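Undergrad: Below is a structure I'd like to ask you about.
The values are calculated or read from the model by the stated rules, or taken from the named source; none is laboratory data. As the structure is a prediction and not an experimental result, all values here were calculated from the model. Neighbour counts run over all protein chains shown; Cβ positions are idealised from the backbone, glycine included. Only protein heavy atoms, including side chains, enter the accessible area calculation; ligands, DNA and RNA are left aside. Shrake-Rupley method; radii C 1.70, N 1.55, O 1.52, S 1.80 Å.
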Number of protein chains: 2
Amino acid sequence: MTNFADRLTKRIEECNNPTVMGLDPKLEYLPSDMLNEWLKEAKDHEEKSGQPANMQMATGMAIFDYNRLLIDSVYDIIPAIKPQFAYYEMYGIHGIMALRKTIQYAHDKGMLVIADAKRNDIGTTATAYANAIIGETKIINDTTACMFDCDCITVNGYLGIDGIKPFMDVAKEKGKGLYVLVRTSNPSAGDLQDLKLEDGRQVFEAMAENVEKWGQELIGECGFSSVGAVVGATWPEQAVKARKIMPHALILVPGYGAQGGSGKDAVASFVNGKGGIVNASRSLMCAWKKRADIEPMELTQMHGPSGAPLLGFQRATREEALRMREDLNNAIKASAEA
Amino acid sequence: MTNFADRLTKRIEECNNPTVMGLDPKLEYLPSDMLNEWLKEAKDHEEKSGQPANMQMATGMAIFDYNRLLIDSVYDIIPAIKPQFAYYEMYGIHGIMALRKTIQYAHDKGMLVIADAKRNDIGTTATAYANAIIGETKIINDTTACMFDCDCITVNGYLGIDGIKPFMDVAKEKGKGLYVLVRTSNPSAGDLQDLKLEDGRQVFEAMAENVEKWGQELIGECGFSSVGAVVGATWPEQAVKARKIMPHALILVPGYGAQGGSGKDAVASFVNGKGGIVNASRSLMCAWKKRADIEPMELTQMHGPSGAPLLGFQRATREEALRMREDLNNAIKASAEA
């Protein structure tokens, strides 16, 4: 199956869960015992080797370790991860190495990877971004290499079709996808996106029309296109409008949970329970912080998909993932009955 | 001097040149003899060590080497470089390492560095990007580290002020700057940016008003703000409109040369010869390709700023930089007389 929309739709059905786990790591999300382990490892190495410890490397290794354990706790019930590139770039080269390893690990476990990179540029440069993140690059010995190897990427359409087409070309060739920002989840999203045009449309509606048009040639057997749209859960009214304009777009829905969107809000753009995927980052990554009954780094009685017992923070994430799945499926059911 | 606009204005005066050298490396820009040297080095190492050659590493090293030699040829006559992040991400981890080294090398030679990254996201994530590229990040041992350490970054304002303010906060604290995309240089820039609003403005004019407003508190002694705007040389009419709306914005002008903008077009948004900087990428990086009279890898009679003789490709870049400087200064003079 080479169409991204089909691959994602199938994975969502297998997991019975339209959730994507946002992996936006900050060191303060990690249990302090885990941080201390990696800090101790770096210092031990310094003592043994006589070389100053590479604390940026230790930071990157701690972050990958946390991501890996989160993936281990949910890969059977969550179809995809969405690493937000900013949080890895923030930790420099070693952060970006952690990102690469996280992508590979998620793929090894059968998850899809949506690169939340919001890249945008003009033609030739957009091609470079597309090659970097969802395609491949020719290197010095005339072979090609996949650099980030994600399944899909978020992009910003402010530059028009020149900046989108290169992503579409790579997506088409490689069976990958893209989500164009239409209506974002943040409070000031409307500053530009809600401005009213002289023909009565709002700016985000004009963007939505572009997305529907651009996506025509990448519609899969599932009925949705691999050219999708980002529409925040915090604006259900705009989500309904956007869906009307884009009947074929896969929709990526940020803003559920920590940002205030409810299950009902999050599925406002779904069509017969399909065509969307809802992101949760902090509520999954930091689920253990809300659980006074759990020791984050101690083994629990709950088992993960591999059969191994889960650590406290893994259990908290799995339980939150199960709760969210139920919440979304209930919201889908309620909207079908309404 | 801690205001970016002041630092850039001073550097432009010292070089008598409102040019920024875009460093957007592609392997095919490099002379084949140089590529072959790095390929041979990788293979020799493979033979000696018995380990398979790391061709991605060789690619990154070749790219940094080319950038370094380009910088060596012009650092006294060009005030800043503008690495386009896409071209480094395209070469993976080793590409990004080449980017880091290029930034450090340019700084060592007294050049400013404008990160052409066009980042954009909501609040907390925009903060992560700002920390990554123009700020610093707290790492595992409770110290902080500068990851990319650029002086300025390009950003996309589609998400509104939430997505811009974090960059402004870091810029203010660290004496850094940002350029917001207003009117880009590509053919389809108008798809969204030229749409007419019900109040008669176009979308790019609404964005320009935001930029002028956002920039008020970062105006330097030079009279320009460290919150600047990207306005392409390919649209001089829009550039004049944009400047009227943004009297205080520093303007970054892409689209000169290869994309079709003339010297006159490129300085359309300048005020008394100031307040703008014009980008040239391919025309500087690949100047040697237009010179049948030059052997790119052979030493020439021309000397660079360090006193060392320049290689053919370095000489071609320096001569093109001098030609462009004259072209822009003539255009500034002509517009003053008009």
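Undergrad: From A:193, A:202, grab the single residue that is more than 9 Å from chain B (Cβ to nearest Cβ), among the polar types (S, T, N, Q) and over 18 Å from the mean Cα position of the chain (by Cα).
TA: Details: A:193 fails: more than 9 Å from chain B (Cβ to nearest Cβ).
Among A:193, A:202, only A:202 is more than 9 Å from chain B (Cβ to nearest Cβ), among the polar types (S, T, N, Q) and over 18 Å from the mean Cα position of the chain (by Cα).
Undergrad: Where in segment B:130-227 are the helices (runs of 4 or more DSSP H), entirely inside, with at least 3 residues that are in contact with a strand residue (DSSP E or B) (Cβ under 9 Å, 6 or more places away or on another chain)?
TA: Numbers: elements: B:161-174, B:190-193, B:203-214.
Output list reads B:161-174, B:203-214.
Undergrad: May I ask you to list pairs of residues, at least six apart or on different chains, whose Cβ atoms are under 7 Å apart, with the first in segment A:96-114 being basic (Lys, Arg) and the second being open to solvent by 10 Å² or more (accessible area, probe 1.4 Å)?
TA: That search, which allows pairs on different chains as well, returns A:100/B:93; A:101/A:64; A:109/A:75.
Undergrad: Could you tell me which numbered condition residue B:167 fails, if it satisfies all but one of (1) surrounded by fewer than 24 Cβ atoms within 10 Å (Cβ to Cβ); (2) at negative phi?
TA: (1)
Undergrad: Inside segment B:195-214, can you point out the residues that are closer than 20 Å to residue B:5 by Cβ, touching a residue at least 40 places away in the same chain (Cβ under 8 Å) and open to solvent by 10 Å² or more (accessible area, probe 1.4 Å)?
TA: Answer for segment B:195-214, where residues must be closer than 20 Å to residue B:5 by Cβ, touching a residue at least 40 places away in the same chain (Cβ under 8 Å) and open to solvent by 10 Å² or more (accessible area, probe 1.4 Å): B:210, B:214.
Undergrad: Taking the stated definitions as given, is residue A:217 of a type in the set (Asp, Glu), within 21 Å of residue A:9 (Cα to Cα) and open to solvent by 40 Å² or more (accessible area, probe 1.4 Å)? Show your work before the answer.
TA: Working: of a type in the set (Asp, Glu): yes; within 21 Å of residue A:9 (Cα to Cα): yes; open to solvent by 40 Å² or more (accessible area, probe 1.4 Å): yes.
Answer is yes for this residue.
Undergrad: Is segment B:85-92 home to any residue that is within 30 Å of residue A:189 (Cα to Cα), free of Cβ contacts under 8 Å to residues at least 24 places away in the same chain and more than 7 Å from chain A (Cβ to nearest Cβ)?
TA: No: segment B:85-92 contains no residue that is within 30 Å of residue A:189 (Cα to Cα), free of Cβ contacts under 8 Å to residues at least 24 places away in the same chain and more than 7 Å from chain A (Cβ to nearest Cβ).
Undergrad: Out of A:161, A:139, which single residue is at the interface with chain B (Cβ under 10 Å from one of its Cβ atoms) and open to solvent by 40 Å² or more (accessible area, probe 1.4 Å)?
TA: A:161
Undergrad: Would you point out which residue out of A:251, A:219 is modelled with pLDDT of 95 or more and closer than 19 Å to residue A:336 by Cα? First the steps, then the outcome.
TA: Details: A:219 fails: closer than 19 Å to residue A:336 by Cα.
That would be A:251, the only listed residue that is modelled with pLDDT of 95 or more and closer than 19 Å to residue A:336 by Cα.
Undergrad: Given the criterion under 16 Å from residue B:23 (Cβ atoms), buried (at least 24 other Cβ atoms within 10 Å of the Cβ) and aliphatic (A, V, I, L, M), identify the matching residue among B:134, B:114.
TA: Result: B:114 is the single residue among B:134, B:114 that is under 16 Å from residue B:23 (Cβ atoms), buried (at least 24 other Cβ atoms within 10 Å of the Cβ) and aliphatic (A, V, I, L, M).
Undergrad: Among the residues of segment B:170-184, which ones are open to solvent by 10 Å² or more (accessible area, probe 1.4 Å) and either at pLDDT below 95 or within 21 Å of the chain's Cα centre (by Cα) (or both)?
TA: B:170, B:172, B:174, B:176
Undergrad: Just give me the residues in segment B:227-283 being touching a helix residue (DSSP H, G or I) at 6+ places or on another chain (Cβ under 6 Å) and of a type in the set (Asp, Glu), in sequence order.
TA: If the condition is that a residue be touching a helix residue (DSSP H, G or I) at 6+ places or on another chain (Cβ under 6 Å) and of a type in the set (Asp, Glu), then B:265 is the only one that fits.
Undergrad: From A:76, A:116, grab the single residue that is out of contact with any strand residue (DSSP E or B) (no Cβ under 9 Å at 6 or more places or on another chain) and among the acidic types (Asp, Glu).
TA: Working: A:116 fails: out of contact with any strand residue (DSSP E or B) (no Cβ under 9 Å at 6 or more places or on another chain).
None of the other options fit; the residue is A:76.
Undergrad: Can you confirm whether segment A:39-59 contains a residue that is within 11 Å of chain B (Cβ to nearest Cβ), under 30 Å from residue A:327 (Cα atoms) and among the aliphatic types (A, V, I, L, M)?
TA: no
Undergrad: Of everything in segment B:14-31 that's away from every other protein chain (no Cβ under 11 Å) and either open to solvent by 10 Å² or more (accessible area, probe 1.4 Å) or part of a helix (DSSP H, G or I) (or both), which residue is farthest from residue B:291 (Cα to Cα)?
TA: This residue is B:14.
Undergrad: Now, a different point. Suppose we filter segment B:205-256 for residues that are within 13 Å of another protein chain (Cβ to nearest Cβ) and farther than 19 Å from residue B:19 by Cβ; how many remain?
TA: Result for segment B:205-256: 10.
Undergrad: Is it true that some residue in segment B:102-110 is within 14 Å of another protein chain (Cβ to nearest Cβ) and either among the charged types (D, E, K, R) or open to solvent by 10 Å² or more (accessible area, probe 1.4 Å) (or both)?
TA: yes
Undergrad: Additional query: Hey, could you check segment A:257-303 for residues that are hydroxyl-bearing (Ser, Thr, Tyr) and more than 17 Å from the chain's Cα centre (by Cα) and say which is most open to solvent (accessible area, probe 1.4 Å)?
TA: Taking segment A:257-303 and keeping what is hydroxyl-bearing (Ser, Thr, Tyr), we get A:262, A:269, A:281, A:283, A:300.
Keeping just the survivors that are more than 17 Å from the chain's Cα centre (by Cα) gives A:262, A:269, A:300.
Working: A:262: 48, A:269: 3, A:300: 27 Å².
In this case the residue turns out to be A:262.
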